[in-house]
Every structure is written in structure tokens, then in C-alpha cells.
Amino acid sequence: MTILITGATGQLGRLTIDSLLTRGADPQTIIAGARDVSKAADLADRGIRVVALDYDDTASVSAALAGVDSVLLISGSEVGRRTPQHKAVIDAAKAAGVSKLVYTSAPKATTSDLILAPEHKATEELIAASGVPAVILRNNWYTENYAGSAAQAAETGVLAASVGEGRVASASRRDFADAAAVVLLEDGHIGEVYELAGDAAWDFSELAAAIGEVAGRPVEYRALSTDEHTAQLAAAGLDEGTIGFVTGLDAGIRGGALADTDGTLARLIGRPTTPLVEGLRAAV
């Protein structure tokens, strides 16, 4: 069985490869797809085959998927361009007769009003229409997403956001990578849509406290209105599009888009998910 990891030189891709190897996968059965193969030299040194795979180059996608049994489609990072990029992989998977396509989606992608959800919803619909046997991993937030906020709050003593009392059921990127590896290696899972989240949903007062514990100094959460947040970000020099994206994400959190957790991730990986403080400490 051959397993192709798209975006293999990214953080989730590398961690998934680590997890596959830890779980006993033969390096020669793993294929690392990378836009820039020079960044995958360390993977090649571990016995993993590296292939060129650029979501915007359909020929490279088709060539990379030829003869592959299973694919992990890690969602692209270019917001606004992801649906056609993902379609290239889905079409190639169908043409190649892939037996398992695993896609990293977003929480409740088909019903969520989270600003990032529409592209994931569209991708899930493309996968369903293709008929390719698939597993959907709806990953909640990575704790590492807050590394930058944690570093800033550690300096200023303030964590400011417009999330209100919204909660986030984050887990570490390694937790999600372990889930992907399990699904890729185990028989079954086809047709499943897994809502994956950390064991505990925290609010931003708890996030501030966790940052303070890591930083060794008190950090307070300062709740902002959307207008206050917009003004603060504008004063920091952010452009209008970025400001709208950031405040839109906070609005989604405020509305509960990332709050749900039912233990599915922990059950899949066979252990508790990484606690918030531990995840932050590793990230910063």
C-alpha cells in the first residue's frame, strides 16, 4: 500500500509522516508531495520518496497520484484559491483509482458560518460527487495557531480579542497528525466524517492564564467589541482585508463555531489530547 501526503513539507504533513513511521509504516510506502522538493531533502534521507506536487499544476498532481492507494489531502493555505486547488487532487484521485482519500476539513464545514468554512464545504461536496472512497477529518483549531498571540501577550501582559465568551476546543497539531495517520493505516473509516477536537474547550480568560503560566507573568484577557478590535488592528497597520478576516474569525468563535468537543479525536488516537498549556509551551 502506498500513501501520498500532500503538502508534506508543511507542519501537519511532516508530523503525519512522523506518526506513520512511528506506527510502523515502511518509509518506502510513503510518498511526500511537495511544491518545492528541495525542502524535502530530509524526508528523502529517511527513505521516503519525494515527488513534485503543486496544487496549481494539474500535471504534477496527476503524476504524483499515479499508482497511489491512499492520499492525505491537506487543505491548502491560500484562502480564496483552495477549492480549485483541492479539485485538482480529487480529480486526479478519481482518475488514479485511489482507494482512500482523507481530507482535512473544518468543524461542521457544511453548516458552519465560520469565515473559513465555505471552501471546505465546497471541497467536501466535490469529494462526495467524485465517488472516491473518502474520510473527512474536520479538524478544530490547532493550539499552535495562538503561538503569535501568546508571544505578544507575554510581552504586553494583555490578550485582546473580540471573541466574547466564545470557547475553542483546540488540540496540538501532533494530535491531529496522529489521527490522520491512524485513519490512513487502518482498514475501514471509509465514509466517516469525524469532528475532531481537543478534550476540553477553553475560553480566552483560560487562554490568557495558560499564556501567563508559560510566560511566567500575569496575562489578562481584554474583551473587545468588533469595532474596538477593528480600530486596534487598523492602528497596528493591518489592511482592511486582513482586519475583516481576523474579526470574522473572532465572530465565529464568539458564535460557538469552535466550541464543541465529544472525545472523537482522543478515541481515534488512543490517548488524551494535548492540554492547552502543554501545547502552548511546545509552540512558543
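The values are calculated or read from the model by the stated rules, or taken from the named source; none is laboratory data. Note that this is a predicted model, so its numbers are computed, not measured. Backbone-built Cβ (ideal geometry, glycine too); neighbour counts: all protein chains shown.
Identify all residues within the stretch 189-203 that are surrounded by fewer than 17 Cβ atoms within 10 Å (Cβ to Cβ), out of contact with any Pro (no Cβ under 8 Å at 6 or more places or on another chain) and of a type in the set (A, V, I, L, M, F, W, C); write none if there are none.
The one that is surrounded by fewer than 17 Cβ atoms within 10 Å (Cβ to Cβ), out of contact with any Pro (no Cβ under 8 Å at 6 or more places or on another chain) and of a type in the set (A, V, I, L, M, F, W, C): 193.
Consider residue 158 carefully, then state whether it is in contact with a strand residue (DSSP E or B) (Cβ under 7 Å, 6 or more places away or on another chain), surrounded by fewer than 23 Cβ atoms within 10 Å (Cβ to Cβ), among the aliphatic types (A, V, I, L, M) and more than 18 Å from residue 86 (Cβ to Cβ).
On the way: in contact with a strand residue (DSSP E or B) (Cβ under 7 Å, 6 or more places away or on another chain): yes; surrounded by fewer than 23 Cβ atoms within 10 Å (Cβ to Cβ): yes; among the aliphatic types (A, V, I, L, M): yes; more than 18 Å from residue 86 (Cβ to Cβ): yes.
Considered against the rule, which asks whether it is in contact with a strand residue (DSSP E or B) (Cβ under 7 Å, 6 or more places away or on another chain), surrounded by fewer than 23 Cβ atoms within 10 Å (Cβ to Cβ), among the aliphatic types (A, V, I, L, M) and more than 18 Å from residue 86 (Cβ to Cβ), residue 158 comes out as yes.
Could you tell me whether any residue of the stretch 80-88 is surrounded by fewer than 23 Cβ atoms within 10 Å (Cβ to Cβ), modelled with pLDDT of 95 or more and within 26 Å of residue 269 (Cα to Cα)?
The answer is no; no qualifying residue exists.
Only one of (1) surrounded by fewer than 22 Cβ atoms within 10 Å (Cβ to Cβ); (2) of a type in the set (A, V, I, L, M); (3) at pLDDT 95 or above is not met by residue 1, so which one is it?
(3)
Please state which one of 238, 233 is assigned to a loop (DSSP other than H, G, I, E, B), surrounded by 14 or more Cβ atoms within 10 Å (Cβ to Cβ) and in the same structural domain as residue 150 (by TED's automatic domain parsing).
238
Determine whether residue 71 is in a strand (DSSP E or B), at pLDDT 95 or above and either farther than 20 Å from residue 99 by Cα or not assigned by TED's automatic domain parsing to the domain that holds residue 135 (or both).
Answer is no for this residue.
Find the residue count for the stretch 246-270, including only residues that are in a helix (DSSP H, G or I) and in contact with a strand residue (DSSP E or B) (Cβ under 8 Å, 6 or more places away or on another chain).
Initial filter on the stretch 246-270 (in a helix (DSSP H, G or I)): 246-254, 264-269.
Adding the requirement that they be in contact with a strand residue (DSSP E or B) (Cβ under 8 Å, 6 or more places away or on another chain) leaves 250, 253, 264-265, 268.
Qualifying residue count for the region: 5.
Matching residues to (1) in the same structural domain as residue 109 (by TED's automatic domain parsing); (2) surrounded by 19 or more Cβ atoms within 10 Å (Cβ to Cβ); (3) farther than 25 Å from residue 73 by Cα; (4) without any contact (Cβ under 8 Å) to a residue 12 or more places away in the chain:
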{"position": "176", "(1), (2), (3), (4)": "no, yes, no, no"}
{"position": "205", "(1), (2), (3), (4)": "no, no, yes, no"}
{"position": "245", "(1), (2), (3), (4)": "no, no, no, no"}
{"position": "267", "(1), (2), (3), (4)": "no, no, no, yes"}
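Name the residue, out of 12, 43, that is modelled with pLDDT of 95 or more and within 20 Å of the chain's Cα centre (by Cα). Full working, then the answer.
On the way: 43 fails: within 20 Å of the chain's Cα centre (by Cα).
Of 12, 43, the one residue that is modelled with pLDDT of 95 or more and within 20 Å of the chain's Cα centre (by Cα) is 12.
Output the number of the condition that residue 282 fails; it satisfies all remaining conditions of (1) of a type outside the set (Val, Ile, Thr); (2) surrounded by fewer than 14 Cβ atoms within 10 Å (Cβ to Cβ); (3) at negative phi; (4) in the same structural domain as residue 204 (by TED's automatic domain parsing).
Failing condition for residue 282: (2).
So which residues in the stretch 54-71 are among the hydrophobic types (A, V, I, L, M, F, W, C), under 9 Å from residue 4 (Cβ atoms) and out of contact with any Gly (no Cβ under 8 Å at 6 or more places or on another chain)?
Here is the first cut: in the stretch 54-71, the residues among the hydrophobic types (A, V, I, L, M, F, W, C) are 59, 61, 63-66, 68, 71.
Then keep just the ones that are under 9 Å from residue 4 (Cβ atoms); that gives 64-65, 68, 71.
Listed by number, the residues that qualify are 65, 68, 71.
Out of the residues in the stretch 113-133 that are assigned to a loop (DSSP other than H, G, I, E, B) and modelled with pLDDT of 95 or more, state the one that is farthest from residue 186 (Cα to Cα). Break it down into steps so the answer makes sense when it comes.
From the stretch 113-133, those assigned to a loop (DSSP other than H, G, I, E, B) are 113-116, 131-133; that's our starting set.
Narrowing further to those that are modelled with pLDDT of 95 or more: 131-133.
Values: 131: 20, 132: 17, 133: 14 Å.
Once the filter is applied, the top-ranked residue is 131.
Just one of the numbered conditions (1) part of a loop (DSSP other than H, G, I, E, B); (2) assigned by TED's automatic domain parsing to the domain that holds residue 228; (3) modelled with pLDDT under 95 is not true of residue 188; which one?
Of everything listed in (1) part of a loop (DSSP other than H, G, I, E, B); (2) assigned by TED's automatic domain parsing to the domain that holds residue 228; (3) modelled with pLDDT under 95, residue 188 misses just condition (2).
Of all residues in the stretch 132-167, which are in contact with a helix residue (DSSP H, G or I) (Cβ under 7 Å, 6 or more places away or on another chain) and closer than 19 Å to residue 90 by Cβ? Spell out the reasoning first.
Of all residues in the stretch 132-167, those in contact with a helix residue (DSSP H, G or I) (Cβ under 7 Å, 6 or more places away or on another chain) come to 132, 134-137, 139, 142-144, 146-147, 150, 153-154, 159-164, 166.
Residues satisfying the conditions are 132, 134, 135, 136, 137, 139.
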